[in-house]
Ligand SMILES: Nc1ncnc2c1ncn2[C@@H]1O[C@H](COP(=O)(O)OP(=O)(O)OP(=O)(O)O)[C@@H](O)[C@H]1O
Ligand SMILES: Nc1ncnc2c1ncn2[C@@H]1O[C@H](COP(=O)(O)OP(=O)(O)OP(=O)(O)O)[C@@H](O)[C@H]1O
Ligand SMILES: [Mg+2]
Ligand SMILES: [Mg+2]
């Protein structure tokens, strides 16, 4: 008897799930496309309008330049999926670039290690403050935004720190492998890693669970604190790599670099269709979002070079704001339509 | 082993201590911050040379007044579960607009007291509209507050710079500068404004429906809507309010310098305000608004700044100490998250 | 049985929360392979006792022996590993994640260190089939209704192969058929020698499935007995701490739902339509009438209520209130027109956890309690105190945060939120879900009382007994359509089941269960 | 292992003269990379270049790095992508922008540095870039010191308002001033030196605070006019008479500063000319004609005092 009744419930459920299959899957897919569409439009527009836009040189320079931002955004994506936020990344990039600069005399690997360890340590501290001291991520990492900046300036004695240009250190930025700049390998590997972690490891799913419903995650016996700790550590580590690339690119540790990177990263993640409330998100779309927001700067430079109109930096700021608005609106539209 | 129908001797029902009533609770939330403030003052009295003087009181109060005003608005925004990153840029817009008006950049006007009022009024009105813009993005287009306000955070300062072409507008207008430089009965006028704003804000939260609605929305939006609360309207009003207060702060800011630099007005104001709110014991998760706390929070942050500068602590160390104190203050009154 | 050592014994447990003493010297012992009922009024301390056992809350004092060893769990995970799996009172799963992930969260099957998705989905499907639930396990949990979510939670808990399964009000959001399936499963567990602690307020269910019962009141254990050895009334008496006489009286007062229904029609809803969930539901409610709304989960009961209330926009159909056609664009409109609505989901759509009982209770009434936007503290206080004692909300005072109240008491606060407006029409979606029998009687007579005064009530409930007892007329929904209306004489559980399941088989699972008891 | 071009696999022929030659002299397409646009000085600099460019019929495309070294390098690379003929670079900081210079060189585009140089260990004038056109910041500091010593007779307590921490202008203006005092007038003690971030507001706030900690101050040295004007506001607010109780000296020579000198509130300001337009494009033309330029074309700065302020209002900014 019970079974018969249950079958009726079941049929209801099936109808329901088919019905709902649409919006949950389609939604996130479309949100990703929101950024993708914009990116494609931008590239096509640029290639048609500007000479020298669609050249190997330009593509390489744009991609390598945005690698640092993309790495930071990847870390941010995981933090946000866990229901948190990391405002310290910009300062951490600055700090780790300084550390890398000091360590550069011992060669690339040791510099890389030093910077990544520093970033990880900072991330662990953030995670500890958030998970164990129960201080909201926004404040905890806001404080770290100040502290890491201060530490960077302190270590660098308020100046830039020269890197060793005689050994292999700067090759991480300037060398190429199979005609592809080294930084791009970092970009690809980092995101491939991110995809695997998110979709094929317990950790990835648990991050989403914590972001989706922390209490539930705890009652299900997930080590919520440890998961948070690792997420922030990951963000710190990626910022560390970005710091190394920055130092290699500029021949210096830059204690004052990375201002406002945290917001760019958050924007990239959101433009990629990840919910700031946590529990849902996409790695691939974060890359798209980050490239999208990076490309707009290049576009503005080319537009000025185009000589048609000269946009003052002030107008450029306005345009960037409007652009962000358009992309975000486009996305919510698409998401809404399907829903 | 198991005694069937065993009836344990029923004890008298447990006596229940009544928990601290709401007022007290908010007071205790404020309490640790108060202690921190007092400690800071004592520290300064001992360490900082010439700290105990009307001069330094005046200095600290005037320097912190704009932050207090902005932070009050930020408290309400945060109480609804939102955030407003655009306040700094909005300050810049107000700061760029008012002089442009009374200097007759749009229409030549006589430099007269009512023109000053007009200029201030128009500036506030326009910025209020920008606040509404934030509110609409959030309520109508359902864009998350950080991103929605990030748009004006980026574009807003640009707008102000475009208006002034990035150059500094110097002017000579004692009448207008009164809001930044004048004083009534020996109290700096901007301090009076700040106090009025704080008191009004506190009353708003304590006594009015609006205050209740703000906290209810931050606490559980779905429930608030089902209880008949006009969620969208309330949210929009909150962002407009935040805009208006930012505008006032912006006007004070330029009046103090008697010049308006779109690149500088309100730079990092959002961080100061958010820090003040958090240090003041308002949960960033929304659902509560502690305006007196915010006042104290702002004072603490201001006092740290002066302490560090006047004791010649270099910027880098200062930053780290700043961070430590913010963490400490928030830690002292964090509320157990459910 | 009495010589076997208990699997679990909790002795002299006490636990105090800031301002509230939840447990004082509570006892509980559970034998291997028995189904042990844990009953008590709202706020008696049942959930707290369980949370203390599973390490969610730390106890202030007392011993816990599990499997003969003294234990002191610091986290649910630890309890889990030691063979205690738990279904907590509020559904605690992750809505965005797929059903199978929710089931295997924390122990996902892996291959070469990476997740083995296919296996996870297959195992999840197999598991759910034991509950004869066939759903797409790859879908996010949130796409399914509360009942399905509850079943998933149960499936998860059972799948741990534990020695003890704790169920805190597992049936509160299940309908009869699902309850039946759950009971089948519990019997299987029992057969496998697994013990079950079963917290519930529906006495029939307890008698149907439980071997022994522990009764709690005010954080203390008042009695532990064989289920059959204690008659219902005595059980209730012990729960409420009243003399038998009183209880008998209050019990019978339940069925006395005879009051005069006024002629004038209060609400008429024709052919309500909304997406796939509502496909032409119609009903009308007279002033002073209590209309029950029955249907399987997903039949659209909530949607009907929400649509009338203006919470969800209608795509078709008309709503007329006292003869005038109305289009409520928001709940606010509906409330102004004198309608109140209690959502089925207390946690997500009801309480505002960090506001006090006072603010929660008066939230909807604020406009009436204030002039020029200034709220009158006195009026607020007045109303709050009145309702706290009138419907017996168990709280340390109007200033207590509502999140600190027990589930049932939160529900009472929400009812009060509407009653204090004295509305024309009240839409109640599962109003007594998770409410103890005493409070339920109070609430029902309260509803009666307001109905006397001309209040129209729409009552959604998955408990047929409640519907048959409580309502003057019953409308039955199936797949978003109203398929039957049962007037007084024809109101019977079987009639309803037949209508909602489109099934003439006289025997209902509930009766089946009852037979075994009696 | 280092590939000094700092350019990622870009296909550019590394075989070009050093410094890269300028093929044509007419119809030039010039890219100007400004490092930020905050404050009157930068605005004036950009304007000067723009005006001169229009005057000479040169198409000038401007990018703004918003105070980010990384972005400025990228801006220069964008110019490379756009194949401009000449790049004018106002480096944000000395070392990082060497990378930009290298990138341009690798693409055989001549670079002219203005107002700040790059680190010579990483890039040399007349090799990697054509020349550096700019003032001598250390000298500016010394001149401010000399004037103050003369004015005060070498006695008093000085508060120093520093420019943005790390900026070469700040470092060198401090160096020049401090060393000069130490050498010539040990009686002038620097009682406090704090970051005023080159802007009026921070200058004012810092001054206010320092003032209340050090009422004994008799002189203020600000690394630029903006901070000096902020300091004057602070002094007045504290009821002190700038120019009488406290002597204020600074650097830049902007209009407000000259007005302050005229009204007697500011002692002197050593000019740091932002008018790079003429000199830069002259140099470009010379170079185009094949002339070899000096490594450093020093911009001759004036100094403004009560005597010449009025007269020079015109060529202030
Ligand atoms: N986190 C908490 N903070 C403060 N008080 C609490 C907390 N949790 C529970 N209480 C109090 O402890 C008492 C027991 O609550 P509990 O949830 O155990 O009751 P219950 O028997 O489960 O009631 P119900 O049947 O309604 O679920 C209640 O008075 C409740 O107010
Ligand atoms: N496919 C779905 N997508 C989203 N939510 C759903 C879906 N199916 C059901 N729900 C939710 O599950 C709940 C139960 O569905 P519905 O309300 O239609 O049935 P019901 O008869 O009201 O049952 P109940 O009384 O348990 O709510 C509703 O609140 C509905 O919002
Ligand atoms: Mg309970
Ligand atoms: Mg429902």
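Is it the case that residue D:105 is free of Cβ contacts under 8 Å to residues at least 12 places away in the same chain and either in a helix (DSSP H, G or I) or at the interface with another protein chain (Cβ under 7 Å from one of its Cβ atoms) (or both)? Explain how you work it out, then say what you get.
Details: free of Cβ contacts under 8 Å to residues at least 12 places away in the same chain: no; either in a helix (DSSP H, G or I) or at the interface with another protein chain (Cβ under 7 Å from one of its Cβ atoms) (or both): yes.
No; evaluated as a whole, the condition is false for this residue.
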Next item on the list: Output yes when any residue across the range C:420-435 is at pLDDT below 75 and either within 16 Å of ligand 2 (Cβ to nearest atom) or outside the structural domain of residue C:48 (by TED's automatic domain parsing) (or both), and no when none is.
Entry: yes
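Give the number of residues within the range A:153-171 that are within 8 Å of chain B (Cβ to nearest Cβ) and either surrounded by 22 or more Cβ atoms within 10 Å (Cβ to Cβ) or not in a helix (DSSP H, G or I) (or both).
Going residue by residue through the range A:153-171, those that are within 8 Å of chain B (Cβ to nearest Cβ) are A:153-154, A:158.
Remaining after also requiring either surrounded by 22 or more Cβ atoms within 10 Å (Cβ to Cβ) or not in a helix (DSSP H, G or I) (or both): A:153, A:158.
So the answer is 2.
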Check: Which members of the range C:168-208 meet the condition of being modelled with pLDDT of 90 or more and either within 16 Å of ligand 3 (Cβ to nearest atom) or closer than 14 Å to residue C:466 by Cβ (or both)?
Finding: C:197, C:198, C:199
Next item on the list: List the number of the failed condition for residue D:33; all other conditions in (1) within 16 Å of residue A:313 (Cβ to Cβ); (2) more than 8 Å from chain A (Cβ to nearest Cβ); (3) assigned to a helix (DSSP H, G or I) hold.
Entry: (3)
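Out of the residues in the range C:302-311 meeting the condition of being closer than 18 Å to residue C:143 by Cβ and in contact with a strand residue (DSSP E or B) (Cβ under 7 Å, 6 or more places away or on another chain), tell me which one is farthest from ligand 2 (Cβ to nearest atom).
C:303
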Note to self: Quick check on my filter: what residues within the range C:329-348 are part of a helix (DSSP H, G or I), surrounded by fewer than 23 Cβ atoms within 10 Å (Cβ to Cβ) and away from ligand 3 (no atom under 16 Å from the Cβ)?
What the structure shows: C:332, C:333, C:336, C:348
Note to self: I'd like the full set of residues that are modelled with pLDDT of 85 or more and under 26 Å from residue A:255 (Cβ atoms), limited to the range B:280-306.
What the structure shows: B:301, B:302, B:304
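So if I check each of C:31, C:93, C:49, C:53, which one is surrounded by 18 or more Cβ atoms within 10 Å (Cβ to Cβ) and within 18 Å of residue C:149 (Cα to Cα)?
On the way: C:31 fails: within 18 Å of residue C:149 (Cα to Cα); C:49 fails: within 18 Å of residue C:149 (Cα to Cα); C:53 fails: within 18 Å of residue C:149 (Cα to Cα).
C:93 is the lone residue from the list that is surrounded by 18 or more Cβ atoms within 10 Å (Cβ to Cβ) and within 18 Å of residue C:149 (Cα to Cα).
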Check: Just one of the numbered conditions (1) away from ligand 3 (no atom under 16 Å from the Cβ); (2) within 20 Å of residue C:9 (Cα to Cα); (3) touching a strand residue (DSSP E or B) at 6+ places or on another chain (Cβ under 8 Å) is not true of residue C:68; which one?
Finding: (3)
Checklist line | Condition met for residue B:223 (touching a helix residue (DSSP H, G or I) at 6+ places or on another chain (Cβ under 9 Å), in a helix (DSSP H, G or I), crowded, with 19+ Cβ neighbours inside 10 Å and within 11 Å of chain A (Cβ to nearest Cβ)) | finding: no
Check: Given the structure, is residue C:416 more than 14 Å from ligand 1 (Cβ to nearest atom), under 20 Å from the mean Cα position of the chain (by Cα) and not assigned by TED's automatic domain parsing to the domain that holds residue C:46?
Finding: yes
Note to self: Every residue in the range C:10-35 that is touching a strand residue (DSSP E or B) at 6+ places or on another chain (Cβ under 6 Å), closer than 30 Å to residue C:396 by Cα and within 12 Å of chain B (Cβ to nearest Cβ), please.
What the structure shows: C:11, C:12, C:14, C:15, C:22, C:23, C:24, C:25, C:26, C:27, C:28, C:29
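Only one of C:9, C:2 is assigned to a strand (DSSP E or B) and either in the same structural domain as residue C:84 (by TED's automatic domain parsing) or at pLDDT below 90 (or both); which? Working first, answer last.
Numbers: C:2 fails: assigned to a strand (DSSP E or B).
Going through C:9, C:2 in turn, just one is assigned to a strand (DSSP E or B) and either in the same structural domain as residue C:84 (by TED's automatic domain parsing) or at pLDDT below 90 (or both): C:9.
For (1) in contact (Cβ under 8 Å) with a residue 40 or more places away in the chain; (2) in a helix (DSSP H, G or I); (3) within 8 Å of chain A (Cβ to nearest Cβ); (4) surrounded by fewer than 22 Cβ atoms within 10 Å (Cβ to Cβ), each residue gets a yes or a no:
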{"residue": "B:146", "(1), (2), (3), (4)": "yes, yes, yes, yes"}
{"residue": "B:149", "(1), (2), (3), (4)": "yes, yes, no, no"}
{"residue": "B:152", "(1), (2), (3), (4)": "yes, yes, yes, no"}
{"residue": "B:162", "(1), (2), (3), (4)": "no, yes, yes, yes"}
{"residue": "B:167", "(1), (2), (3), (4)": "no, no, no, yes"}
{"residue": "B:172", "(1), (2), (3), (4)": "yes, no, no, yes"}
{"residue": "B:176", "(1), (2), (3), (4)": "yes, yes, no, no"}
{"residue": "B:190", "(1), (2), (3), (4)": "yes, yes, no, no"}
{"residue": "B:193", "(1), (2), (3), (4)": "yes, yes, no, yes"}
Next item on the list: Hey, could you check the range C:322-335 for residues that are within 23 Å of residue C:288 (Cβ to Cβ) and touching a helix residue (DSSP H, G or I) at 6+ places or on another chain (Cβ under 9 Å) and say which is farthest from ligand 4 (Cβ to nearest atom)?
Entry: C:326
Note to self: I'm trying to understand the selection: among the residues of the range C:109-136, which are under 25 Å from the mean Cα position of the chain (by Cα) and either at pLDDT below 85 or within 11 Å of another protein chain (Cβ to nearest Cβ) (or both)?
What the structure shows: C:128, C:129, C:130, C:131, C:132, C:133, C:134, C:135
Margin query: Suppose we keep only residues that are within 16 Å of ligand 4 (Cβ to nearest atom) and part of a helix (DSSP H, G or I) within the range C:466-498. Which one would you say is surrounded by the most Cβ atoms within 10 Å (Cβ to Cβ)?
Written below: C:467
Notebook entry, point to check: Has the range B:117-138 got any residue that is more than 14 Å from every other protein chain (Cβ to nearest Cβ), farther than 20 Å from residue B:74 by Cα and touching a residue at least 40 places away in the same chain (Cβ under 8 Å)?
Noted result: yes
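Where residues in the range D:154-184 are part of a loop (DSSP other than H, G, I, E, B) and within 15 Å of residue A:158 (Cα to Cα), which of them is modelled with the highest pLDDT? Before you say what the answer is, go through the steps one by one.
First, the residues of the range D:154-184 that are part of a loop (DSSP other than H, G, I, E, B): D:154-155, D:163-167.
Narrowing the set further to residues that are within 15 Å of residue A:158 (Cα to Cα) leaves D:163-167.
On the way: D:163: 90, D:164: 81, D:165: 74, D:166: 70, D:167: 76.
Going through the qualifying residues, I end up with D:163.
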Checklist line | Hits in the range C:60-90 - residues which are surrounded by fewer than 21 Cβ atoms within 10 Å (Cβ to Cβ) and in a helix (DSSP H, G or I) | finding: C:77, C:78, C:81
Item checked: Hits in the range C:142-162 - residues which are surrounded by 20 or more Cβ atoms within 10 Å (Cβ to Cβ), over 17 Å from residue C:181 (Cα atoms) and more than 9 Å from chain A (Cβ to nearest Cβ) -> C:162
Note to self: I want to confirm something. Restricting to the range C:294-328 and keeping residues that are within 22 Å of residue C:430 (Cβ to Cβ) and part of a strand (DSSP E or B), which single residue is farthest from ligand 1 (Cβ to nearest atom)?
What the structure shows: C:319
Note to self: Against the condition within 16 Å of ligand 1 (Cβ to nearest atom), farther than 30 Å from residue C:17 by Cα and crowded, with 23+ Cβ neighbours inside 10 Å, how does residue C:463 come out, does it pass?
What the structure shows: yes
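Among the residues of the range C:399-413, which ones are more than 16 Å from ligand 3 (Cβ to nearest atom) and surrounded by 22 or more Cβ atoms within 10 Å (Cβ to Cβ)? Before the answer, list the steps.
Applying the first criterion (more than 16 Å from ligand 3 (Cβ to nearest atom)) to the range C:399-413 yields C:399-401.
C:400, C:401, listed by residue number.
Evaluate the range B:99-121: report whether one residue or more is modelled with pLDDT under 95 and touching a strand residue (DSSP E or B) at 6+ places or on another chain (Cβ under 6 Å). Full working, then the answer.
Just the residues of the range B:99-121 that are modelled with pLDDT under 95, to begin with: B:99-121.
Going one step further and asking which of them are touching a strand residue (DSSP E or B) at 6+ places or on another chain (Cβ under 6 Å), we end up with B:99.
Checking the range B:99-121: at least one residue is modelled with pLDDT under 95 and touching a strand residue (DSSP E or B) at 6+ places or on another chain (Cβ under 6 Å).
Inside the range D:256-272, can you point out the residues that are closer than 24 Å to residue D:53 by Cα and either at pLDDT below 90 or in a strand (DSSP E or B) (or both)?
Initial filter on the range D:256-272 (closer than 24 Å to residue D:53 by Cα): D:271-272.
Scanning the range D:256-272 gives a single hit, D:271.
The values are calculated or read from the model by the stated rules, or taken from the named source; none is laboratory data. Keep in mind it's a predicted model, so treat the numbers as computed, not measured. Methodologically, a virtual Cβ is constructed for each residue, glycine included, from the backbone with ideal geometry; neighbour enumeration extends over all protein chains shown.
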